[in-house]
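Notes for the one structure printed next.
The values are calculated or read from the model by the stated rules, or taken from the named source; none is laboratory data. Keep in mind that what you see is a predicted model, and the values were worked out from it rather than measured. Note: ideal-geometry Cβ built from the backbone for every residue, glycine included; neighbour counts use all protein chains shown. SASA here: full protein model, heavy atoms, side chains in, ligands and nucleic acids out. Shrake-Rupley method; radii C 1.70, N 1.55, O 1.52, S 1.80 Å.
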Amino acid sequence: MKKTIRIIVFFAVLLVSISAYTGKVIDAKEGYKIPSLTLIGNNTQINLNELKGKYVLLSFWASTDAISRVACNEYSAFAKNAESEEQFCFLSVNFDRSERLFREIVRRDNLNSKTQFNVQGDDAKKIKETFHLEDGYNTLLIDPIGRVIATNPSTETLTKILSL
């Protein structure tokens, strides 16, 4: 009986921890100011500074991290249905060591190749350090002035924020 209660308590604490983390909104005045970042891929070059004036959903993922890959798929589907490209932009940064694997996942998961960027080696290390990705991969919602306002936002949170 005690063992059953311990297991239930353990899963309750785990569930509360996960739900408290997902969709956590950061106060914009305390938000992390996004540094300059240029992404190159598929004959496209995008600099985050050029996207000021828009909400940017910046997703980091790898095929070895199932949670971040699933999240990338969900955010990509959300972005396909987003009404205004003038107000919103989705960018996804992949850290797979194999570009071939990356391209295959993009194809199989039916992701928009124009929003997907594979970064490797020293560039990947620099991005991980700059965006504090040492504890796993995250998705950041960046406001039009370039500050993080949400980490791992739910699609409901995105809909609410973007409907302003």
Please give the length that would be gained between S113 and L162 if that part of the chain were fully extended, namely 0.36 nm times their separation in residues minus their C-alpha to C-alpha distance (nm, one decimal).
15.3 nm
Checking region 82-132 for trypsin sites (Lys or Arg not before Pro) in a loop per DSSP with at most 12 other beta-carbon atoms within 10 Å yields none
Cβ-defined net charge surrounding N73, 12 Å radius [Lys, Arg +1; Asp, Glu -1]
+1
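Rolling a 1.4 angstrom probe over the protein heavy atoms, how many square angstrom per residue are accessible across region 51-164?
Per residue, region 51-164 has an accessible area of 55 Å².
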Give me the percent of the accessible area of region 28-164 that comes from carbon and sulfur atoms, probe 1.4 Å, all protein chains in place.
47
Under the 7 Å Cα-to-Cβ spin-label approximation, A82 and I40 lie apart by a distance in nanometres of 2.5
Which whole-angstrom value gives the distance between the alpha carbon centres of region 132-164 and region 43-109?
13
